[in-house]
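Inspection log for the structure reproduced underneath, given as structure tokens.
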Amino acid sequence: MTTEKPAQSDFPIQPLLATRWSPRAFAQTPVEAAQVQILLEAARWAASSANQQPWRFVVGMHGDDYFNRIRDSLHPSNAVWAGNAPTLFLVVARVQHGERRLSHAWFDCGLAVGNLSVQAEALGLRVHPMAGFSSPQIRAEFAIPDEFEPVVVLAVGYPSADLSNLPPYLQEREQQPRTRYPQQDLVFNGSW
């Protein structure tokens, strides 16, 4: 098994975008604190509606309290593999500012995660975003205020070709080629 699964794009795209994918098998190599800072800096410079910068992060390094609390909030189908990642990031969106609802906060967080993911790829790291976590549990664990909403958990680390830590059904999924809908199914001109 290789750790590379380049996109078979119909048109040439930036190589960092073509090689980016979300593995479930991570090497046990720790992510250095300096690399985490670089990832967070890339996220910090994402585009933002009205420059609200609604993204917030909780970072857990494997074995520390933050990591364990994030991992324990994951649905079992994610915990089975993500608990082996060297780093877990919790992404939280500020969705309310006083009386004003920040309606694009989740979109902005997506842009920040996009920046973080491409930066990770440039560093030889991979990011696997997960929506499968208990939002009420994570809100309670970290005392997240009402004006914020948990968005996504990211497993971050170096990819591994060793799939032995994964259950057989996930080993199979890791080896499948990457796919996407064709462009003509995604782009509309004039009307739906």
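Applying a threshold of 8 Å to beta carbon distances and a minimum spacing of six or more residues, or different chains, the list of pairs starting in region 128-154 at a residue that is in contact (Cβ under 8 Å) with a residue 60 or more places away in the chain and ending at one that is hydroxyl-bearing (Ser, Thr, Tyr) and part of a loop (DSSP other than H, G, I, E, B) reads 128/22; 129/22.
Any residue that is touching a Ser or Thr at 6+ places or on another chain (Cβ under 7 Å) and under 26 Å from residue 37 (Cα atoms) - is there at least one of those in region 143-153? Checked region 143-153: at least one residue is touching a Ser or Thr at 6+ places or on another chain (Cβ under 7 Å) and under 26 Å from residue 37 (Cα atoms).
Summed over region 164-192, residues that are in a loop (DSSP other than H, G, I, E, B) and under 22 Å from residue 8 (Cβ atoms) total 9.
Please specify each residue of region 79-131 satisfying the condition of being touching a strand residue (DSSP E or B) at 6+ places or on another chain (Cβ under 7 Å), open to solvent by 40 Å² or more (accessible area, probe 1.4 Å) and part of a loop (DSSP other than H, G, I, E, B). Residues satisfying the conditions are 84, 131. Checked against (1) touching a residue at least 40 places away in the same chain (Cβ under 8 Å); (2) open to solvent by less than 20 Å² (accessible area, probe 1.4 Å), residue 75 passes all but a single condition, namely (2).
When region 10-31 is filtered for residues that are surrounded by 13 or more Cβ atoms within 10 Å (Cβ to Cβ) and either touching a helix residue (DSSP H, G or I) at 6+ places or on another chain (Cβ under 8 Å) or outside any loop (DSSP other than H, G, I, E, B) (or both), the ones remaining, listed by number, are 16, 17, 18, 19, 20, 23, 24, 25, 26. The number of residues in region 15-32 being closer than 21 Å to residue 112 by Cα and touching a residue at least 24 places away in the same chain (Cβ under 8 Å) comes to 8. Taken over region 132-156, residues that are under 11 Å from residue 90 (Cβ atoms), open to solvent by 20 Å² or more (accessible area, probe 1.4 Å), part of a helix (DSSP H, G or I) and not acidic (Asp, Glu) amount to 2. When we screen 34, 47 for residues that are outside any loop (DSSP other than H, G, I, E, B) and open to solvent by less than 70 Å² (accessible area, probe 1.4 Å), the only hit is 34.
Output yes when any residue across region 110-129 is among the aliphatic types (A, V, I, L, M), modelled with pLDDT under 95 and more than 16 Å from residue 83 (Cα to Cα), and no when none is.
Checked region 110-129: no residue is among the aliphatic types (A, V, I, L, M), modelled with pLDDT under 95 and more than 16 Å from residue 83 (Cα to Cα).
Of all the residues in region 60-96, those that are within 16 Å of the chain's Cα centre (by Cα), under 21 Å from residue 160 (Cβ atoms) and among the aliphatic types (A, V, I, L, M) number 7.
The values are calculated or read from the model by the stated rules, or taken from the named source; none is laboratory data. Treat the numbers as computed from the prediction; the structure is a model and nothing was measured. Note: ideal-geometry Cβ built from the backbone for every residue, glycine included; neighbour counts use all protein chains shown. Areas reflect the complete protein model, heavy atoms only, side chains present, ligands, DNA and RNA absent. Shrake-Rupley method; radii C 1.70, N 1.55, O 1.52, S 1.80 Å.
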